[in-house]
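Before any comments, here is the structure.
Derivation of every value follows stated rules applied to the coordinates shown; laboratory data play no part. Just so it is clear, the structure is predicted and the values come from calculations on it, not from any experiment. Cβ placement follows ideal geometry from the backbone for every residue including glycine, while neighbour counts extend to all protein chains displayed.
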There are 2 protein chains.
Amino acid sequence: MSSENLLESSCEACREDAPRVTQEEINELKPQIPAWQIQTIDGIDRLICAFSFDSYLAGLDFVSKVANLAEEEDHHPEITLEWGKVTISWWSHKIKGLHRNDFIAAAKTDSLFAQ
Amino acid sequence: MSSENLLESSCEACREDAPRVTQEEINELKPQIPAWQIQTIDGIDRLICAFSFDSYLAGLDFVSKVANLAEEEDHHPEITLEWGKVTISWWSHKIKGLHRNDFIAAAKTDSLFAQ
């Protein structure tokens, strides 16, 4: 498989029989999103990253940007807003795990934060 | 103590030596916010309630309303946005537990949802 730039990709429609990412794909894609951690919660692998802000409303603005990205990609993360921090979790509900889509969405989340 | 209407109150500045609500106060105030549960997480009591929505962006709109309420009251909850659901947790960080402010904020959250 050739290396790909996640930011140049879009999420594809995910079906219940879609393949989860393999360890080989994780090894290829994860270096593009170094701040993200793979965590297993309730038996389901997720990509999780916390972003820091100096106010609650700055965090809210980021929540709004990520939620609008989610609508564009038709792929919806769990987002938690606290004072000074927004935590984003991407995983693919239909396959109960990580799909290539989640790595694309994480890379685009990083890009929104950098703006 | 006379009964009070939570919606007619505002959060007061909370100090580290402010009193947590007593069981007597909980018995008085909790019936005004029947959908909320008191949950203990990491040893800290919180008021938690989940609200349902039929789209992600409808949930985002509610997140925005609650976050702006939080700024007005200078009291900031943890808010989690998922597809179809927004979960709000109110507690008072400075006293590591529940203050009267949290019951006021929960009642105002219910009011925003009802709008």
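Side notes on the structure shown:
- Part-to-part distance (alpha-carbon centres) for the range A:53-83 and the range B:13-73, which is given in Å: 20
- Tail weight of P(r) past 20 Å, computed on alpha-carbon pairs of the protein assembly as shown, percent: 63
- Chain A: angle of helix A:100-114 to the longest principal axis, Cα-based, in degrees nearest 10: 30
- Here is the tail figure for the range A:28-80: Cα pairs spaced more than 14 Å apart come to 65 percent of all pairs.
- Net charge of the neighbourhood of B:Lys65, taken over other residues with C-beta under 13 Å away and scored Lys/Arg +1, Asp/Glu -1, is -4.
- Qualifying lysines (Cα of each under 19 Å from Cα of A:Lys65; at least 8 residues distant if same chain): A:Lys85, A:Lys108, B:Lys65, B:Lys85
- With 5 Å bins beginning at zero, the pair-distance distribution over Cα atoms of the range A:21-114 amounts to 3, 14, 26, 25, 19, 10, 3, 1 %.
- Between the helical axis of B:56-73 and the longest alpha-carbon principal axis of chain B there is an angle of about 30 degrees.
- For the protein assembly as shown, the residue among B:Pro31, A:Ala106, A:Gly84 whose Cα projects farthest onto the positive side of the dipole built from Cβ charges is B:Pro31.
- Burial order of peptide ranges B:82-91, B:50-59 (average beta-carbon count within 10 Å, highest first): B:82-91, B:50-59
- Averaged over B:71-80, number of beta-carbon atoms from partner chains that fall within 10 Å: 4
- Simple Cβ-charge dipole of chain A, Lys/Arg +1 and Asp/Glu -1, about Cα centre, in debye nearest 20: 220
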